[in-house]
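**Q** Here it is, the structure in full.
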Amino acid sequence: MTHGIVVSKDVMVPMRDGILLATDLHRPGRDGELVPGRWPTIVCITPYDKTERRYTEIADFFVPHGYAVVLQDMRDRHRSQGTKEYFHSATPHTGEDGYDTIEWIAAQPWSNGRTGMVGSSYAGITQVRTALESPPHLTAIWPDVEPTNPYHHQTREGGAMQLHMFWALYIHAADAQEVQADPAKQEEVWNDLRNLRQLFWQWPWHKGELALRHVPALDETLENYVSRAAYDEWWAKKENDFTRYWADHADIPATITTGWYDGFPHADTEYFAAISAQSSSPQRLIVGPWSHVGMRGDATHTLDVDFGETSRWGVQHYFEQQLEFFSRWLPDDAPGHPADEAPVKIFVMGGGSGRKTELGKLDHGGRWRDEHEWPLARAVPTSYYLHGDGSLRLGAPPPDSEPRRFTYDPEDPVPTIGGNYCAVGELPPAGEGMEPMWMRLLNPALLLRNIMTPGPTDQRESAEFFTAREPYRRLSERDDVLVYQTEPLTEAVEVTGPIEVELWIASSAVDTDFTAKLVDVFPPNEDYPEGYDMLINDSIIRTRFREGFECEVLMKPGTPYAVRLRLPPTSNVFAAGHRIRVDVSSSNFPRLERNPNTGEPIGRHTKLVKADQTVFSDAGRPSRVVLPVIPA
């Protein structure tokens, strides 16, 4: 039977400390009246406005299928009461509030006592944080594209700050309760979003210096993000690092979803592996060729690369898959888990023509494949060694292989061109397609225009990337990028799983950064006369953290050290005729903050200096990338 929807808005649900959270109840109805019954319930708890279309469409889909849907504003957000403790991803109470909400729902006469949770990004965080409190009536969850350890996955990476989180603080400040009723304060926040490019170049920023000061909790979070470079007691809190508390996680069915070009594929694949190892309930992992929340998009391409029709999900298919999942667990007559379903479904990228599609995208192609574990047991860790002549080979380098050198200038960093992050957008000025009268009706996030877009693209500078400069070059042509690549492959090589890069380095600086990118190099064709250097993934290591992220140890200039970089997982077929390439440098801006090379306290440097960098590749100091190769 198809039901109509009756909505009860801003039902104030009490938490254990007396705070009331604004909650919209969407329940089955007929002729404007509630249909009697006890319904399974889908819950989404969000820091964004629960009345936005991206949330109400959940109710529009599920309620006609016989579900109640509960949408809730988090504490300190929008119509909920608060305690002035919304510290972005480090917010306390989230787990307890989730617990109290789930148990409140289960006690209502319209509930059958079984609840499932949905939501992407931060609304995925609220699911995992609630599951760590194990509310008795939480029955199943579908967390999508969420970090589980902001130190490693979201805010800092290899010790360097990911600047998409600087932008994210503004997204949360722009509609914060402290500025919603004060147009002057809100305009200051919006003005910073208009000047985002300038703010990035003037990094670092601190508490009290920007419009974030109008939202004190977020201003404090900025200070922590900027200056707490080492993993300390603040990062270790339960609201920050879920991975330390997996033993508390509810033993319930979960479907965990992410994309190879999302900001968090390492977080979500590791989350699946950890919970699968300890749970009796079935766990499922789905990874597509998407960027952040790309699963809900209707395109077959991510940034500049097309993966074919089978990669397209879209909102309707997404909801249909969620309905199929929750129908196994939430209704009174739920059948449970089908015995023949594979727990892992991944999209293996590659196999396309390498030509341009009608939309001007690179046809890379790919296909879905079922697997039974993650990481794949049959993956063979395969070392490709960096050689002094710029080659990348299976054989280890000889004793006399010469090191390679470059100079890293933080005033002229390697520009970010695609990659793994959420997004970064600036607010356009009024008049450019949006007048103030209408702008006030939209969430600021809906007004933004990307100045950084995640995903795979040709590693070539252009005006599209705001930190690139003329003359626009291929990144492989820059003097501060060391290229190591194989000969054209005689047969295809599939790489599926997490990747490590081990470098032997030296520097004239006491502290600096080293970056590594994995690139699929397409040979030239009529559409791409110079070939196409498709980014697979990348990462960084700040050398003061080479001995661990809990301690900072500066280097002695000129002394060789070993450093390790953990690249996000991927699944890609490097086709015959392609090359596997690793690019080594010291910057990737503005995805990652620039290291000033001075060794001063992080976030407190007073100048920028150049660093002379060395990468060794001899038998005694072998630099290599370790790829999880799937046997043919």
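**Q** Criterion first (open to solvent by 40 Å² or more (accessible area, probe 1.4 Å), outside any helix (DSSP H, G or I) and not aliphatic (A, V, I, L, M)) does K9 satisfy it?
**A** yes
**Q** Which of the residues that make up the stretch 385-432 are over 30 Å from K610 (Cβ atoms), in a strand (DSSP E or B) and open to solvent by 20 Å² or more (accessible area, probe 1.4 Å)?
**A** R393
**Q** Which of the following residues is more than 23 Å from the chain's Cα centre (by Cα) and either at pLDDT 95 or above or within 30 Å of T221 (Cβ to Cβ) (or both): A90, A22?
**A** Just a single option satisfies the conditions, and that option is A22.
**Q** With the checklist (1) surrounded by 24 or more Cβ atoms within 10 Å (Cβ to Cβ); (2) not in a loop (DSSP other than H, G, I, E, B) in hand, flag the one item A247 doesn't pass.
**A** Among (1) surrounded by 24 or more Cβ atoms within 10 Å (Cβ to Cβ); (2) not in a loop (DSSP other than H, G, I, E, B), A247 violates only (1).
**Q** A further question follows. How many residues, within the stretch 25-46, are without any contact (Cβ under 8 Å) to a residue 40 or more places away in the chain and open to solvent by 10 Å² or more (accessible area, probe 1.4 Å)?
**A** 6
**Q** Look through R53, R77 and report the one residue that is among the basic types (K, R), buried (at least 22 other Cβ atoms within 10 Å of the Cβ) and under 23 Å from the mean Cα position of the chain (by Cα).
**A** Step by step, each of R53, R77 is checked, and only R77 is among the basic types (K, R), buried (at least 22 other Cβ atoms within 10 Å of the Cβ) and under 23 Å from the mean Cα position of the chain (by Cα).
**Q** Among what's in the stretch 252-304 and is hydrophobic (A, V, I, L, M, F, W, C) and open to solvent by 20 Å² or more (accessible area, probe 1.4 Å), pick the residue that is farthest from F326 (Cα to Cα).
**A** Applying the filter and picking the extreme gives L303.
**Q** Please specify each residue of the stretch 509-534 satisfying the condition of being open to solvent by 10 Å² or more (accessible area, probe 1.4 Å), among the aliphatic types (A, V, I, L, M) and not in a loop (DSSP other than H, G, I, E, B).
**A** Of everything in the stretch 509-534, just one residue is open to solvent by 10 Å² or more (accessible area, probe 1.4 Å), among the aliphatic types (A, V, I, L, M) and not in a loop (DSSP other than H, G, I, E, B), namely V521.
Yes/no per residue for (1) at pLDDT 95 or above; (2) buried (at least 23 other Cβ atoms within 10 Å of the Cβ); (3) within 15 Å of the chain's Cα centre (by Cα); (4) not in a helix (DSSP H, G or I):
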residue: G116; (1), (2), (3), (4): yes, yes, no, yes
residue: G119; (1), (2), (3), (4): yes, yes, yes, yes
residue: I125; (1), (2), (3), (4): yes, yes, yes, no
residue: P136; (1), (2), (3), (4): yes, no, no, yes
residue: E146; (1), (2), (3), (4): yes, yes, yes, yes
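**Q** Here's something else I'd like to know. Hey, among A22, A59, which residue is part of a strand (DSSP E or B), open to solvent by less than 10 Å² (accessible area, probe 1.4 Å) and out of contact with any helix residue (DSSP H, G or I) (no Cβ under 8 Å at 6 or more places or on another chain)?
**A** From the options A22, A59, the qualifying one is A22.
**Q** Is it true that some residue in the stretch 549-567 is under 21 Å from the mean Cα position of the chain (by Cα) and among the β-branched types (V, I, T)?
**A** no
**Q** While we're on this one: Starting from the stretch 390-405, keep only residues that are of a type outside the set (F, W, Y), then list their pairs with residues that are loosely packed, with under 11 Cβ neighbours inside 10 Å whose Cβ atoms are within a distance under 8 Å, requiring at least 6 positions of separation or different chains.
**A** Cβ pairs passing all conditions: S391/E487; P399/G620.
**Q** Can you name every residue in the stretch 209-230 that is part of a helix (DSSP H, G or I) and free of Cβ contacts under 8 Å to residues at least 12 places away in the same chain?
**A** R213
**Q** Taking the residues in the stretch 395-426 that are of a type in the set (A, V, I, L, M, F, W, C) and in contact with a Phe, Trp or Tyr (Cβ under 6 Å, 6 or more places away or on another chain) as candidates, determine which candidate is nearest to T515 (Cα to Cα).
**A** So the residue we want is I417.
**Q** Also, I was wondering about something else. Answer yes or no as to whether T101 is open to solvent by 40 Å² or more (accessible area, probe 1.4 Å) and of a type in the set (S, T, Y).
**A** So T101 fails the test.
**Q** Any idea how many residues of the stretch 576-603 are of a type in the set (D, E, K, R), within 27 Å of A168 (Cα to Cα) and either part of a strand (DSSP E or B) or touching a Pro at 6+ places or on another chain (Cβ under 8 Å) (or both)?
**A** Selection size over the stretch 576-603: 2.
**Q** Considering only the stretch 579-600, state which residues are aliphatic (A, V, I, L, M) and crowded, with 24+ Cβ neighbours inside 10 Å.
**A** V582, V584, L592 - these are the residues of the stretch 579-600 that are aliphatic (A, V, I, L, M) and crowded, with 24+ Cβ neighbours inside 10 Å.
**Q** I would also like to ask the following. So in the stretch 176-198, with the set limited to residues that are within 25 Å of the chain's Cα centre (by Cα) and open to solvent by 10 Å² or more (accessible area, probe 1.4 Å), which one is nearest to P428 (Cα to Cα)?
**A** By that ranking, first place goes to R194.
**Q** Which condition breaks for W203 when tested against (1) closer than 22 Å to R228 by Cα; (2) open to solvent by less than 50 Å² (accessible area, probe 1.4 Å); (3) touching a helix residue (DSSP H, G or I) at 6+ places or on another chain (Cβ under 6 Å); (4) not in a helix (DSSP H, G or I)?
**A** (3)
**Q** Let me ask something else. Tell me which residues, restricted to the stretch 297-315, are within 17 Å of S120 (Cα to Cα) and touching a residue at least 24 places away in the same chain (Cβ under 8 Å).
**A** Within the stretch 297-315, W313, V315 qualify.
The values are calculated or read from the model by the stated rules, or taken from the named source; none is laboratory data. This one's a predicted model, so the numbers in the text were calculated from it and none came from an experiment. Positions of Cβ are generated from backbone atoms using ideal geometry, with glycine treated the same way; all protein chains shown enter the neighbour counts. These accessible areas exclude ligands, DNA and RNA; they are computed on the full protein's heavy atoms, side chains included. Shrake-Rupley method; radii C 1.70, N 1.55, O 1.52, S 1.80 Å.
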